[in-house]
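Here the structure comes first, spelled out in structure tokens, and everything after it is commentary.
Nothing in this text is a laboratory measurement; each read-out follows from the coordinates by a stated rule. Computed from a prediction, not measured in an experiment: that's the story for all the values here. Here the Cβ is made from the backbone with ideal geometry for all residues, glycine too, and neighbour counts use every protein chain on show.
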Amino acid sequence: MKEIKIAPSILAADFTRLGEEIKSVLRAGASYIHVDVMDGQFVPNISMGVPLVESIRRAFPDVFLDVHLMIVEPGDFVEPFARAGASSLTIHVEADNPDNISAALASARQLGMRTGLSLKPATPAVALESWLAELDMVLVMTVEPGFGAQPFMLDQMDKIRAVRARLDAVNPDCDVEVDGGVKPNTAPIAIGAGANVLVAGSAIFGHDDYAAIIRQLRGEA
Ligand code: DX5
Ligand code: ZN
């Protein structure tokens with residue numbers, strides 16, 4: 001059984017107190033800080049980018065920064081995010097053609113980052129097949145990307161099971177992350193389907209006890 005990691009998404013944090021928010025969730029037991037980067041083209045929202053990652057890395061030299069690029073042509077931003085201090089870079093398989101996706105992943109690995117590929121809800125698991133053996137993480141979206149606080153899509157559980165089964169065969173160390181609508185009632189369903197990294201934004205930020213909600217999401221409460 002893989003360790004369950006909790007990755008608070010700062011998309012839901014109070015941006016006017018972001019440093020304190022990050023300090024609090026890390027102290028409360030968060031494994032990663034999940035950074036949702038949106039370009040207003042791949043998804044109908046604009047959120048945050050390279051300068052923010054730089055400043056988080058400067059303030060938190062040891063934090064694991066799990067950067068989720070919801071942008072078109074992500075290959076153009078592999079180097080800037082590597083330089084900014086991203087620990088892991090997850091790009092969307094829908095964001096460019098297969099050759100450019102392969103090039104972006106190779107470049108991210110070469111620059112020392114862990115690499116991930118993400119699937120929108122409408123994209124089947126088979127779309128990842130040619131990259132499965134090389135990835136450090138697969139991110140299965142459980143909402144339509146672009147906004148926090150949306151309802152968890154239960155119809156993505158078969159996809160999580162399918163991805164986990166393929167990874168067990170070709171790349172067992174690879175993590176499976178879910179992102180979107182993760183709450184104390186949906187987290188165990190995602191874990192049961194095979195996810196071991198849980199992104200949570202609105203479930204955590206805004207809650208009055210970060211350590212308690214993180215324990216609940218891990219299923220320890
Ligand atoms: C969607 C974002 C959200 C966010 C998590 O593009 O990626 O899924 O991280 O939001 P919550 O946990 O509030 O659904
Ligand atoms: Zn995300």
Could you work out how much longer the chain between Asp14 and Met1 gets when fully extended? Use 0.36 nm per residue separation minus the Cα distance between them, nm to one decimal. 1.3 nm
Working note, segment 5-218: Cα radius of gyration (Å, one decimal) and Dmax (Å, whole number) are 15.7, 46
Between rounded, prolate and oblate, where does segment 1-62 land on the alpha carbon gyration tensor, with a ≥ b ≥ c its root eigenvalues, rounded for a/c under 1.5, else prolate if a/b exceeds b/c? oblate
Contact order relative to length of segment 5-218, as percent, for alpha carbon pairs under 8 angstrom and 6 or more apart: 21
Using only the alpha carbons, work out the radius of gyration and Dmax of segment 131-181 in angstrom. 11.8, 34
Diffusion constant of segment 92-150 at 4 °C, which comes from Stokes-Einstein with the Kirkwood Cα-pair radius and 1.567 mPa s, µm²/s: 106
Highest-fluctuation residue, Asp209, Asp39, Asp99 considered, GNM on the chain with Cα pairs under 10 Å: Asp99
Please get the size of the charge dipole for the chain, origin at its Cα centre, with Cβ charges of +1 on Lys and Arg and -1 on Asp and Glu, quoted in debye to the nearest 20. 520
Residues meeting the amide H criterion for Ala149 (H placed from the backbone, H to H distance under 5 Å, 5 or more places apart or on another chain) are Gly181, Ser202
Using a Förster distance of 45 Å, the FRET efficiency for Ala133-Asp208 (Cβ separation, nearest 0.05): 0.55
For segment 31-80, the percent of all C-alpha pairs falling in each 5 Å bin, from 0 up to the bin holding the max distance, is 5, 20, 28, 25, 14, 6, 0
So how much slack lies between Ala59 and Arg215, counting 0.36 nm per residue of separation and subtracting their Cα-Cα distance, in nm? 53.6 nm
If every alpha-carbon in segment 148-221 counts as one equal scatterer, what log10 I(q)/I(0) does Debye give at q = 0.26 1/Å? -1.17
Using θ = phi - 60° and the Karplus form 6.51 cos²θ - 1.76 cosθ + 1.60, what ³J(HN,Hα) does each residue of segment 123-133 get, whole Hz, x for Gly and Pro? 8, x, 4, 4, 4, 8, 3, 6, 10, 3, 5
For Cα pairs less than 8 Å apart in space and 6+ apart in sequence, what is the mean separation divided by the residue count of segment 1-127, i.e. the relative contact order in percent? 19
